[in-house]
Amino acid sequence: MSPRLTIVTPSYNQAAFLERTVRSVLDQGYVYLEYMIVDGGSEDGSVEIIERYADRLARWVSEPDEGQTDALNKGLARATGEIVAYINSDDYYLPGAFDAAVQTLVAGDALWVVGSARFVDAAGTETEVWRPRLPPKARHWWILHPWGVPQAATFWRREAFERHRFFRQDMHYIFDTEFGLRLAFAGELPTLIDRELAVRVVHEEAKSWDRKPFDREEELLVPLYEAFLAPNERRWLALQHALKRAGVYRVRPALIRAFRQNSAKLRRGA
């Protein structure tokens, strides 16, 4: 028997995209599906769309909330599936995504799996494909240029949230990245699936259209995770964080060599 899969869709005033999202979940044909929609009190016709599919939903609600993370955590707290995922109301799954993700999780012991995500513009034209990679060995880079994976193509065992808690509600833009880092620093790396599982729709009304709030929240990762680093990693983090804030995003090899030579001289002088 296949495990139960819980999908949560947080939504607020996304009537233009919502039905395609809902259909992409229900049309997967996954028998043991628990699908929830947590709407933030939309007034654009979203509720009427949800009501058309109410008999195929495990649960839905439309009420004011404190944002996307609050909506997601409300849904995840009620999830009964052994495997859980969420899809935003302007994104959608590709056919066969559930079977691919579930089979990969069942076949291994990883807490989560990640596939690729196709990005399209508002007209549906493909702009890029984000293929996930495991984080680099140098862990200060995980924080400085945050390591992340395509959220829409990510599936977790429910145990991941039971052991490592839900999404941070004080974050509204990079909460999924932070959760991935939380797992990675705990030694829980994902299994990667060489397949496109979902589509991200990039449009002017999308929260991700403006990168500035994301950049501001990324700064919070340094105090959150620098204590997890070894002393030499913290030194690299401090140097490269200063360079990043100064507008230098990649440290050139010559600068790295100079830093190492200077560090060696300081150690010998001590």
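The values are calculated or read from the model by the stated rules, or taken from the named source; none is laboratory data. For clarity, every value in this text was computed on a predicted model and none was experimentally measured. When we count neighbours, we look across all protein chains shown, and the Cβ atoms used for this are built from the backbone with ideal geometry, even at glycine. Only protein heavy atoms, including side chains, enter the accessible area calculation; ligands, DNA and RNA are left aside. Shrake-Rupley method; radii C 1.70, N 1.55, O 1.52, S 1.80 Å.
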Only sites in a loop by DSSP and with at most 15 other Cβ atoms within 10 Å count here; which chymotrypsin sites (Phe, Trp or Tyr not before Pro) in the range 23-94 make the cut?
Y32
Just tell me the longest site-free run in the chain, where the sites are GluC sites (Glu not before Pro) in a DSSP loop having at most 14 other beta-carbon atoms within 10 Å.
67-203
Could you tell me the relative contact order of the range 62-131? Use alpha-carbon pairs under 8 Å, at least six residues apart, and round to a whole percent.
15
In deg cm²/dmol, rounded to the nearest 500, the helical mean residue ellipticity at 222 nm of the chain, built from -39500 (n - 2.57) for every DSSP H run of length 4 or more, is -11500 deg cm²/dmol
Please work out the average accessible area per residue across the range 35-193, using the 1.4 Å probe convention, and give it in Å².
43
Residue by residue, what Karplus-based ³J(HN,Hα) values in Hz, rounded to whole numbers, does the range 187-202 have, using 6.51, -1.76 and 1.60 with θ = phi - 60° and x for Gly and Pro?
x, 9, 8, x, 8, 9, 10, 7, 6, 7, 10, 8, 10, 9, 9, 9
Cα radius of gyration and Dmax for the chain (Å)
20.4, 74
What relative contact order, as a whole-number percentage, does the chain give when Cα pairs under 8 Å and 6 or more residues apart are counted?
19
Alpha carbon Rg of the range 129-230, scaled by the compact-globule rule 2.2 N^0.38 Å
1.09
Expressed as a whole percentage, what fraction of the accessible surface of the chain belongs to carbon and sulfur atoms when a 1.4 Å probe is rolled over the protein heavy atoms?
49
Descending principal axes extents, the range 9-141, alpha-carbon based, whole Å
47, 34, 31
Normalised contact order of the range 1-41, rounded percent, pairs of Cα under 8 Å and 6 or more residues apart
66
With a ≥ b ≥ c from the Cα gyration tensor eigenvalues, square-rooted, and the rule rounded for a/c under 1.5, otherwise prolate when a/b > b/c and oblate otherwise, the range 101-146 is oblate
Within the chain, which is the longest segment that contains none of the trypsin sites (Lys or Arg not before Pro) sitting in a DSSP loop with at most 16 other Cβ atoms within 10 Å?
1-77
Bin width 5 Å, alpha-carbon pairs only: give the P(r) of the range 198-241 as whole percents, running from 0 to the bin holding the largest distance.
5, 18, 18, 16, 12, 10, 12, 8, 1
Any idea what Rg and Dmax come out to for the range 36-89 if you just take the C-alpha atoms, in Å?
11.1, 33
Please find the FRET efficiency linking H164 to A123, where r is the Cβ-Cβ separation and R0 is fixed at 35 Å, and quote it to the nearest 0.05.
0.35
